[in-house]
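Heads up: the structure comes next, in structure tokens.
The values are calculated or read from the model by the stated rules, or taken from the named source; none is laboratory data. This one's a predicted model, so the numbers in the text were calculated from it and none came from an experiment. Reconstructed Cβ throughout: ideal geometry from the backbone, glycine too, with neighbour counts over all protein chains shown. Heads up: the accessible areas ignore ligands, DNA and RNA and are worked out on the full protein's heavy atoms, side chains in. Shrake-Rupley method; radii C 1.70, N 1.55, O 1.52, S 1.80 Å.
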Amino acid sequence: QVQLVESGGGLVQAGGSLRLSCAASGRTATTYAMGWFRQAPGKEREFVAARVWDGSRTDYSDRVRGRFTIFRNNAENTVYLQMNSLKPEDTAVYYCSSKTKTSYDLRFSYDYWGQGTQVTVSS
């Protein structure tokens, strides 16, 4: 089992920045990749960004590429999502996730999920 705890959400004005954190614990040695997803009210959950645990690859949705960065603090087993140039349409609950199965596509098949953290961007 892997436990994931997100933090760092909040309210920010459009154009501002936030950094989300995801602390991983438990059997992290089995982790292949970490991802961030989000779900806005009335919408389906969507992929945001992912990173292979060893940093060899990253992937971003077209909607956030160039504005968001996913990175990891190896010493702390923590994955971050740096969000810059935030827009009102980025408002959502953001979820951290991890997967154990090796795959080229980083957007699917996640095994563990955090509880989510709310991000609200005001216009």
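Does residue 29 fit the bill of being open to solvent by 30 Å² or more (accessible area, probe 1.4 Å), out of contact with any Leu (no Cβ under 7 Å at 6 or more places or on another chain) and aliphatic (A, V, I, L, M)?
Values: open to solvent by 30 Å² or more (accessible area, probe 1.4 Å): yes; out of contact with any Leu (no Cβ under 7 Å at 6 or more places or on another chain): yes; aliphatic (A, V, I, L, M): yes.
Considered against the rule, which asks whether it is open to solvent by 30 Å² or more (accessible area, probe 1.4 Å), out of contact with any Leu (no Cβ under 7 Å at 6 or more places or on another chain) and aliphatic (A, V, I, L, M), residue 29 comes out as yes.
Here is a check on your reading of the model: is residue 104 more than 12 Å from the chain's Cα centre (by Cα), hydroxyl-bearing (Ser, Thr, Tyr) and at pLDDT below 95?
On the way: more than 12 Å from the chain's Cα centre (by Cα): yes; hydroxyl-bearing (Ser, Thr, Tyr): yes; at pLDDT below 95: yes.
Yes, satisfied.
Per-residue answers, yes or no, for (1) touching a Gly at 6+ places or on another chain (Cβ under 8 Å); (2) assigned to a helix (DSSP H, G or I); (3) crowded, with 19+ Cβ neighbours inside 10 Å; (4) of a type in the set (Val, Ile, Thr):
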site	(1), (2), (3), (4)
54	no, no, no, no
59	no, no, no, no
75	no, yes, no, no
82	no, no, no, no
86	yes, no, yes, no
94	yes, no, yes, no
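Can you pull out the strands (runs of 3 or more DSSP E) entirely within segment 1-44 that have at least 1 residues that are among the aromatic types (Phe, Trp, Tyr), under 20 Å from residue 106 (Cα atoms) and modelled with pLDDT of 95 or more? Show your work before the answer.
On the way: elements: 2-7, 10-13, 18-26, 33-39.
Per the criteria, 33-39.
Under 7 Å by Cβ, and 6 or more places apart or on different chains, what pairs join a residue from segment 1-24 that is open to solvent by 50 Å² or more (accessible area, probe 1.4 Å) with one that is outside any strand (DSSP E or B) and aliphatic (A, V, I, L, M)?
Between residues of segment 1-24 that are open to solvent by 50 Å² or more (accessible area, probe 1.4 Å) and residues that are outside any strand (DSSP E or B) and aliphatic (A, V, I, L, M), the close pairs are 14/86; 15/86; 17/86.
Please go through segment 32-52 and give me each residue that is of a type outside the set (D, E, K, R), open to solvent by 30 Å² or more (accessible area, probe 1.4 Å) and over 12 Å from the mean Cα position of the chain (by Cα), ordered by number. Full working, then the answer.
Looking only at segment 32-52, we keep the residues that are of a type outside the set (D, E, K, R), and these are 32-37, 39-42, 47-50, 52.
Still in the list and also open to solvent by 30 Å² or more (accessible area, probe 1.4 Å): 32, 39, 41-42.
Answer for segment 32-52, where residues must be of a type outside the set (D, E, K, R), open to solvent by 30 Å² or more (accessible area, probe 1.4 Å) and over 12 Å from the mean Cα position of the chain (by Cα): 32, 41, 42.
Return the pair list, or none, for Cβ contacts closer than 6 Å from residues in segment 33-58 that are farther than 14 Å from residue 77 by Cα and touching a residue at least 12 places away in the same chain (Cβ under 8 Å) to residues that are open to solvent by 70 Å² or more (accessible area, probe 1.4 Å) and aromatic (Phe, Trp, Tyr), at least 6 apart or on different chains.
The qualifying pairs do not exist here.
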